[in-house]
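Comments concern the structure below.
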Amino acid sequence: MQNQTEVWTENWQAVELFCQMGTQWRVGAGGAVGLDYAVLFHLFDLQNIDKSKQKYLLAQIQVCESTALDIFYKDKKS
């Protein structure tokens, strides 16, 4: 079963970027640890995203990343 959620218009670009990063997770012995930001910054450049907007998008994507990690490891938390 897939969950659905509403995305506010002002967050849509960050969600799209996060989805594009779907295969760009850094992985350690215990599993995913975070996104590869070098790839994210490359996406910013490829999509001609203004430097002034990149910091804001990075913060939004980090919220998505943190939430995803919580979901990945929800069964491992005590």
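The values are calculated or read from the model by the stated rules, or taken from the named source; none is laboratory data. A quick note: this is a predicted structure, and the numbers were derived from the prediction, not measured. Reconstructed Cβ throughout: ideal geometry from the backbone, glycine too, with neighbour counts over all protein chains shown. For accessibility, only protein heavy atoms count, side chains too; no ligands or nucleic acids. Shrake-Rupley method; radii C 1.70, N 1.55, O 1.52, S 1.80 Å.
Below is a table of values for the structure above.
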read-out: Leading residue by the ranking (surrounded by the most Cβ atoms within 10 Å (Cβ to Cβ)) among those in the range 19-33 that are of a type outside the set (Lys, Arg) and in a strand (DSSP E or B); value: Trp25
read-out: Considering residues of the range 39-60 that are in a loop (DSSP other than H, G, I, E, B) and open to solvent by 40 Å² or more (accessible area, probe 1.4 Å) only, the residue nearest to Arg26 (Cα to Cα); value: Gln47
read-out: Qualifying position, being open to solvent by 90 Å² or more (accessible area, probe 1.4 Å) and either among the charged types (D, E, K, R) or closer than 19 Å to Trp8 by Cβ (or both), among Asp75, Asp36; value: Asp75
read-out: Contacts under 8 angstrom Cβ, first residue in the range 3-19 being free of Cβ contacts under 8 Å to residues at least 40 places away in the same chain, partner open to solvent by less than 50 Å² (accessible area, probe 1.4 Å) and part of a helix (DSSP H, G or I), 6 or more apart; value: Val7/Val15
read-out: Subset of the range 61-72 [open to solvent by 40 Å² or more (accessible area, probe 1.4 Å), of a type in the set (A, V, I, L, M, F, W, C) and within 18 Å of Glu10 (Cα to Cα)]; value: Val63
